[in-house]
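Since the structure comes first, as structure tokens, the remarks are kept for the end.
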Amino acid sequence: METDTRVKSKPYYESIAANDKADFYLFIGELDQSAHLQTLFDDCPGSKKEIVTFHLNELSQKTDSITLSVCPSLLSELFSILPVSSVLYISGTEAFLWDVQTLAIDAGLLPEQINLIAPTSLARRVFCTHCYHVMENITHTPVVCEGCGLPLLVRDHFSRCHSAYVGLNINAEDAGDIPAKRGFE
């Protein structure tokens, strides 16, 4: 019997296929994701489907110390008018995926209606467990916290509450004992 050694809280993304039983298909992606979504869009039957893309610079908005990659009010309004049997496909960076999913669930969509396509980047949103600062687009560990200045080890533990990976002080006993930088896998 094979043991699953994956971190339970880390998101793992399955391959996504078109759902042919929905009444409406909504594809949401960051601006550079139109081509990535087009294949799935073409595989969905019928004409009741739409691709919506967001340009981060124009629609970024700050709430509760987390920068949402999309305009929350625009998406909430969009989700509120979807037919009950809609399916949502989201493509972009991992932070974008989780921000949009949170808004969709808050608007009443069920997790079964939401499909997260594997992130387009390995960059992470990191939540410092010491000062609660959230950092965007972190590509390596360790990293120095922009809030408190502590050297943080970025763990594979993912906080769904913050849509971020957890950053912990590397070595409180010996601040000079810092491991070499490494990228994420």
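The values are calculated or read from the model by the stated rules, or taken from the named source; none is laboratory data. Every value quoted in this text rests on a predicted model; they were computed, and no experiment measured them. Cβ sites come from the backbone with ideal geometry, for glycine too, and all protein chains shown count toward neighbours.
Just a few scattered comments:
- The residues listed here are H162, H140; of these, the one that is of a type outside the set (V, I, T), surrounded by fewer than 17 Cβ atoms within 10 Å (Cβ to Cβ) and more than 22 Å from D23 (Cβ to Cβ) is H140.
- Checked against the criterion of being among the β-branched types (V, I, T), modelled with pLDDT under 85 and within 30 Å of Y132 (Cβ to Cβ), the stretch 80-92 has no qualifying residue.
- Test: residue in the stretch 103-115 that is under 19 Å from E185 (Cβ atoms) and either without any contact (Cβ under 8 Å) to a residue 24 or more places away in the chain or surrounded by 17 or more Cβ atoms within 10 Å (Cβ to Cβ) (or both): no
- Evaluation of L88 against (1) in contact with a Ser or Thr (Cβ under 8 Å, 6 or more places away or on another chain); (2) buried (at least 19 other Cβ atoms within 10 Å of the Cβ) (one fails), failing number: (1)
- Candidate set: the stretch 42-52, residues that are under 20 Å from I81 (Cα atoms) and not in a loop (DSSP other than H, G, I, E, B); chosen: the one nearest to the chain's Cα centre (by Cα): V52
- The listed residue being part of a helix (DSSP H, G or I) and out of contact with any Lys or Arg (no Cβ under 6 Å at 6 or more places or on another chain), out of I178, I105: I105
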